[in-house]
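Where a number appears in this text, it was derived from the coordinates with a stated rule and is not lab data. Since the model is a prediction, treat every value here as computed from it, not as a measurement. Cβ coordinates were reconstructed from backbone atoms using ideal geometry, including for glycine residues, and neighbour counts include every protein chain displayed.
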Amino acid sequence: MDDTIFAEATARGKAGVAIIRVSGPKAWTAARVLAGDLPAPHRAALRSFRAEGELIDRGLLLLFPEGASFTGENVAEFHLHGSLAVTRALLDALGRIEGLRPAAPGEFTRRALLNGRLDLAQVEGLSDLIAAETEAQRKQALRVFSGELGRKVGAWREDLVEIAAHVEALIDFSDEEVPESLPETLIEKLDRIRGSLEAELRGSTAAERIREGFEVAIIGAPNVGKSSLLNHLIGREAAIVSDVPGTTRDVIEVRLEIGGLPVTLLDTAGLHEADDAIEQIGIERARERARAADLRLILTEHDGEIPEGVTPGPDDLIVVTKIDLMETAPAAGIGISSRTGAGIDALLSALEERLSAKAAGASLVMTQRQRHAIQEALRSIAAAQEFVERADEHPEMLAEHLRQAIEALEMLIGKVDVEHLLDDIFSRFCIGK
């Protein structure tokens, strides 16, 4: 990484302030070329930025030294007035300095990883933090970005290394006065590590839902009010509302936030026996998506009249629609009227309560890559436990399974064998990050 990179760190377009970041061995040299006298590191100072004697702008210059910057390299930040013309002029000026080049997407963060400023889990947390749309996503991504998962992995690894050291002693000093089995305290420690990893794995499904969004399917017979409810919840006409049965033939997906959680509402085709081949396909798709959803809003116009073939799950909600046309309140379920808005708040509260309960057990493991690493570590620990009681007979097998468990945990935070993953991960970053 002998070259020096630069990019706009803020979004392109008209704004009050734009930030251009430069990182690498010539970052401070570039700052001196454009600004002249340099301020002390970590202290912003007002400077005039010039190229070939012509004033580009007046703004703040901020320097970070190697080892104390985001990337771990010398970094210079130019804080400018945020117009396209100003930022373009400064970027052009940087491009004319020998040894500097525009950064690739995610290259600043990639350098932070390679220089040990972040681990791979933190990089993924940062990516999710930048993409966060809801409060729950922000909080979860911030926990991972802050290094909480890395600290957990470090503790697990330290304990496994301690156990492995005792096993290596059985191998290296088998003819000397050493215990022929693992101490009970280390056996218990191995059990605790396995329990902790299993808890993280169990909570990964909820964590993934927070990251990707919960799916809530609205199902029911034709003309029961599914599309009307969807439109009311999102405040716009996303689905066609008609008295003609079969209007909705495909699954309509709409994103929204409920209680700080990301939710995708699915408006599905009415469930009934249909003669039309296209409508039959829509109904089958509705049933498939409903089965895969995290929970279902089962709509009915009459108390307890569930559509044929639908079995409510423990988290599903029975919703009685069009209560404005009923003389008495429904005896069961949540009564609503999409026309008047009656009961909608109660429905949203019940929905938020169920989704929050699902999210409560979320762990720090959010991605398929992280989940796979945990699974590999668990498989190796389970295999190691089969040899614990016979450590004196096959210590080399126990040692090998412990080594594999340690390696899986190191892969989780990007310490080993992850080079092939980096291009895919960083391709999702913006250029200035």
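Let me check I've understood the local charge: for Gly99, count other residues with C-beta under 10 angstrom from its C-beta, Lys and Arg +1, Asp and Glu -1. What total comes out? That sum, taken over residues with Cβ under 10 Å, equals -1. Remark on Ile258: its backbone amide H falls under 5 Å from those of Val263, a criterion applied only to residues 5 or more positions apart or on other chains, H modelled at 1.01 Å from N. Most tightly packed first, judged by the mean number of other beta-carbon atoms within 10 Å of their residues, the peptides 73-86, 116-129 read 116-129, 73-86. Straight Cα distances below 23 angstrom link Lys26 to the lysines Lys433, with same-chain residues fewer than 8 positions distant left out. Put simply, when 4-10, 45-51, 330-336 are sorted by average Cβ atoms within 10 angstrom per residue, most first, you get 4-10, 330-336, 45-51. 3J(HN,Hα) along segment 227-234, derived from phi through the Karplus expression 6.51 cos²θ - 1.76 cosθ + 1.60 where θ = phi - 60°, amounts to 5, 4, 5, 4, 4, 5, 5, 9 Hz, with x in place of Gly and Pro. Of Lys226, Lys14, the sequence from fewest to most neighbouring Cβ atoms within 10 angstrom is Lys14, Lys226.
Along segment 7-12 the Karplus relation, 6.51 cos²θ - 1.76 cosθ + 1.60 evaluated at θ = phi - 60°, assigns HN-Hα couplings of 5, 6, 8, 9, 5, 6 Hz to successive residues, with x for each Gly and Pro. With K and R counted +1 and D and E -1, the other residues having a Cβ less than 13 Å from that of Ala382 yield a net charge of -2. Other residues whose C-beta falls under 12 angstrom from the C-beta of Glu212 contribute a net charge of -2, scoring Lys and Arg +1 and Asp and Glu -1.
The packing ranking, built from the mean of other Cβ atoms within 10 Å per residue, places the peptides 357-369, 53-65, 24-36 in the order 24-36, 357-369, 53-65, highest first. Translational diffusion of segment 4-118, estimated by Stokes-Einstein from the Kirkwood radius over alpha carbon pairs at 37 °C in a medium of 0.692 mPa s, is 235 µm² per second.
Spacing of the modelled spin labels on Glu133 and Ile187, each 7 Å from Cα toward Cβ, amounts to 5.2 nm. Computed 3J(HN,Hα) for segment 76-93, one whole-Hz value per residue from the Karplus formula 6.51 cos²θ - 1.76 cosθ + 1.60 where θ = phi - 60°, is 10, 10, 9, 9, 10, 5, x, 9, 4, 5, 5, 5, 5, 5, 6, 4, 4, 5, glycine and proline marked x. Using R0 = 51 Å, the C-beta based FRET efficiency linking His81 and Met397 works out to 0.20.
Under 5 Å from the amide H of Ile56 lie the amide H atoms of Phe49, Arg50, Ala51, each residue being 5 or more positions distant or on a separate chain, with H modelled from the backbone and absent for Pro and chain starts. Remark on Gly414: its backbone amide H falls under 5 Å from those of Leu120, a criterion applied only to residues 5 or more positions apart or on other chains, H modelled at 1.01 Å from N.
Label sites at Leu55 and Glu168, each approximated as a point 7 angstrom past Cα along Cα to Cβ, lie 6.5 nm apart. Taking 0.36 nm per residue of separation and subtracting the current Cα-Cα distance, fully stretching the chain between Gln385 and Asp345 would add 9.2 nm.
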